[in-house]
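Participant: Dumping the structure here so I can ask a few things about it.
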Amino acid sequence: MTGERPTVLIQGAGVSGLVTAVTLAERGAVVTLVEAGPRIGSGASWFAGGMLAPWCEAEAAPAEVTRDSRDSLDWWAGHVPSVVSNGSLVVAPPRDLPELARFGRRTSHYETLDPAAIAALEPDLAGRFDRALFFPQEGHVDPRRALTHLEALLEAQGAMVRIGCPAPDPRDTQEYDWTVDCTGMDGRADEPSLRGVRGEMILVRCPEVTLSRPVRMLHPRIPIYIVPREDSLFMAGATMVESEDTRGITVRAMSELLNALYTLHPAFAEAEIVETNAGIRPAYPDNVPRVHREGKRITLNGMYRHGFLLSPARAKEVAHIVFGG
Amino acid sequence: MRAYDTQLASPLMLGTALYDSPTLLAESVRAANPGAITVSLRREAAGLQAGQSFWSLVRGLDVPVLPNTAGCHTVREAVTTAQMAREVFETDWIKLEVIGQGDLLQPDVFALVEAARILTDEGFKVFPYTTEDLVVAERLLRAGCEVLMPWGAPIGSGRGLNNPFGLRALRAHFPDIPMVIDAGIGRPSHAVAAFELGYDAILINTAVAKAGNPVSMARAFRQACEVGLEARAADPMDERDLAVPSTPTLGKASFGA
């Protein structure tokens, strides 16, 4: 302890480590954040969509994911400037309309839009879809800007942030009251049930299209989301492959992502491909992020697709352990 | 069902793809109690190590594994994938799929027969995914297959048994060959119909994995298999064109007008 303030070493500066660090620092902990990689977000976080969509996620995630992430949008809006609270939109190409009905049956907190309402919400999609689901309480964030902002916030709070710092010797961690392991896939040696789920994404620049919110394009084989970012950039992602293969994007994934863009709006045919990437998401068998504790060591891992969505709630659980009930 | 001298514990085969999580997959497998589970190697196959986590999870389910060549479009791809599957799962069983058409995922039956011949020569026990075509079935048997897996309808379509006439003809033509309806089954009623047609087993995946409650649906399919098999063994009545009263009318009291 430093006076009454607990000292905490946080390992891993991806989304879960950064959010945990900020949360603990705000509660008064003396925080040291170390990252073995060359920069913050050097794991899966950097390739995330950044959708804050508790109700859309209910389509494929257990109810606790929705329950625990209801306040996520508020947390992000309270901490980083780039949060957009315009809701999210779900559409399907005409021949896959049954998928939209199915999505509607599995989710809640949405409105069903007709073509006029779609056009009012997203003028560039006028005339393109007969039906859409609109989830007004959702939002999105640019992951890279958000993580960078959290790092700056931490430094302003007086926390120590060390990048490119190899994992500390266990003996050195004893000088801290608590150690929090947020290392994702790098921490799998200590987490036998953790597995990697490969995801692939592309970033394109398309000044001809303007979207104000993420759009999910349903398809029986692979649901794809398209998230607008600043400077006419759009991120399309993400595949889900039960593999820890770290190669770059495959032709199949690329063609599926590009097809989704083109189906959403033909002007994407002229878009510039700015970036393609593949990352490995850490996941537990139920695909739900978890906090667990062994003595003075806390682990937050298995963020899967829910890093940005669930880090605030899970960081709160970590704080609960550190500061007592 | 008996296949290649192995008695399957249940006539239900269950695919392991498309579940929302491995936990949900494991719970569905427990509820379905299948005789075999199928697993795909193609998409996860960039080097043998990359897919190990998922594969060891599948092995841990403690159900015989029938690896498949889903997603293969050529003889060579299918043969290579089968060889890899033998290494990963230490089994000579292979569900052979060679896709010939992208929209309906129809089997390329020409490549299928060729791949089946190569693989049986190499000692594989081949479970070929085919159509209800009698001539193709004949060729597959001549290539060394001892089991046939005709489709009910295109993969993932959930349309049930699209061509009952053709499936009945296939069943009648090869009465002693173990046959599995593979693909197209969407509801337990389709499964019952498959057993009523005389098929020995069914293979399902999307119908369970993409149901609102996969575990419940897995249990429903297990029951449907039992229902279908028992009904067939009970020798169902035949259809008739005329009504036949189940209670005799002779001697019924009549109150005349």
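Participant: Evaluate the Debye formula for region B:1-101 with equal point scatterers sitting on the alpha carbons, no solvent, and hand back log10 of I(q)/I(0) at q = 0.16, 0.22 Å⁻¹, in q order, two decimals.
Facilitator: -0.69, -1.23
Participant: Which FRET efficiency, nearest 0.05, do residue B:84 and residue B:242 yield, Cβ-Cβ r, R0 60 Å?
Facilitator: That gives a FRET efficiency of 0.55.
Participant: Additional query: Under 20 Å from the 7 Å Cα→Cβ point of residue A:177, by amide nitrogen: which residues of region A:278-299?
Facilitator: Correct set: A:292-299.
Participant: Could you work out how far helix A:143-156 tilts from the main Cα principal axis of chain A, as a 0 to 90 degree angle to the nearest 10?
Facilitator: 30 degrees
Participant: What list of ³J(HN,Hα) couplings, whole Hz, do you get for region B:129-135 from phi and the Karplus terms 6.51, -1.76, 1.60, once you set θ to phi - 60° and write x for glycine and proline?
Facilitator: Karplus-based 3J(HN,Hα) across region B:129-135 equals 7, 9, 9, 8, 5, 5, 5 Hz.
Participant: Here is a further query. Taking the dipole about the Cα centre of region A:1-123, with the C-beta of Lys and Arg at +1 and of Asp and Glu at -1, give me whichever of A:97, A:53, A:11 is farthest to the positive side.
Facilitator: Of A:97, A:53, A:11, it is A:11.
Participant: Moving to a separate point now. Which whole-number percent gives the relative contact order of chain A, counting Cα pairs below 8 Å spaced six or more residues apart?
Facilitator: 26 percent
Participant: Using only atoms on other chains, find how many Cβ atoms lie within 10 Å of each Cβ of peptide A:241-252 and report the average.
Facilitator: 5
Participant: In a solvent-free Debye calculation with one equal scatterer on each Cα, what is log10 I(q)/I(0) for region B:92-227 at q = 0.11, 0.15, 0.20 Å⁻¹, listed in the order of the q values?
Facilitator: Treating every Cα as an identical point scatterer, log10 I(q)/I(0) equals -0.38, -0.69, -1.16.
Participant: Select from A:101, A:36, A:159 the residue whose mean-square fluctuation is largest in a Gaussian network model of chain A (Cα-Cα springs shorter than 10 Å).
Facilitator: Maximum among the listed residues: A:101.
Participant: How many angstrom lie between the C-alpha centres of region B:173-200 and region A:7-36?
Facilitator: Taking the Cα centre of each part, region B:173-200 and region A:7-36 sit 57 Å apart.
Participant: Also, I was wondering about something else. Only bridges whose two residues both fall in chain A count here: according to DSSP, what percent of them are antiparallel, nearest 5?
Facilitator: Among the beta bridges of chain A, antiparallel pairing accounts for roughly 70 percent.
Participant: On C-alpha positions alone, give me the angle between the axis of helix A:15-27 and the longest principal axis of chain A, in degrees, nearest 10.
Facilitator: The helix A:15-27 is inclined about 50 degrees to chain A.
Participant: Over all alpha-carbon pairs in region B:2-234, figure out the percentage whose distance exceeds 28 Å.
Facilitator: Percent of Cα pairs beyond 28 Å in region B:2-234: 23.
Participant: I want to verify a result. In a Gaussian network model of chain A, Cα cutoff 10 Å, which of these has the top mean-square fluctuation: A:56, A:206, A:182?
Facilitator: With Cα springs under 10 Å in chain A, the top fluctuation among A:56, A:206, A:182 is at A:206.
Participant: Now, a different point. Distance from a point 7 Å along Cα→Cβ of residue A:269 to each backbone N in region A:205-241: keep the residues under 18 Å and list them by number.
Facilitator: Output list for this probe position: A:205-210.
Participant: Restricting to bridges with both residues inside the protein assembly as shown, how much of the DSSP beta-bridge set is antiparallel, in percent to the nearest 5?
Facilitator: 50 percent
Participant: For chain A, the longest stretch holding no GluC sites (Glu not before Pro) located in a DSSP loop with at most 11 other Cβ atoms within 10 Å is which?
Facilitator: Longest gap between qualifying sites, sites excluded: A:5-174.
Participant: Note down the net charge around residue B:63, summing +1 for each Lys or Arg and -1 for each Asp or Glu among other residues with Cβ under 15 Å from its Cβ.
Facilitator: Residues near residue B:63 contribute +1 overall.
Participant: Provide Rg over Rh for chain A; use the alpha carbon set for both Rg and the Kirkwood Rh (inverse mean inverse pair distance).
Facilitator: A ratio of 0.98.
Participant: On a 0 to 90° scale, report how tilted helix A:307-323 is relative to the longest principal axis of chain A, with both axes built from alpha carbons and the result rounded to the nearest 10.
Facilitator: For helix A:307-323, the angle is close to 20 degrees.
Participant: For chain A, what is the mean residue ellipticity at 222 nm derived from helices alone (per DSSP H run of n ≥ 4: -39500 (n - 2.57); sum divided by total residues; nearest 500 deg cm²/dmol)?
Facilitator: Value at 222 nm, helices only: -8500 deg cm²/dmol.
Participant: Which stretch or stretches of region A:295-325 have amide N atoms under 19 Å from the point lying 7 Å from residue A:157's Cα along the Cα→Cβ direction?
Facilitator: A:298-301, A:307-325
Participant: Then there is this: Could you tell me what percent of the DSSP beta bridges with both partners in chain B are antiparallel, to the nearest 5?
Facilitator: Bridges in chain B that DSSP calls antiparallel: roughly 15 percent.
No lab work stands behind these numbers, since they all come straight from the coordinates. Fair warning: this is a prediction, and the values are worked out from it, not measured in the lab. Methodologically, a virtual Cβ is constructed for each residue, glycine included, from the backbone with ideal geometry; neighbour enumeration extends over all protein chains shown.
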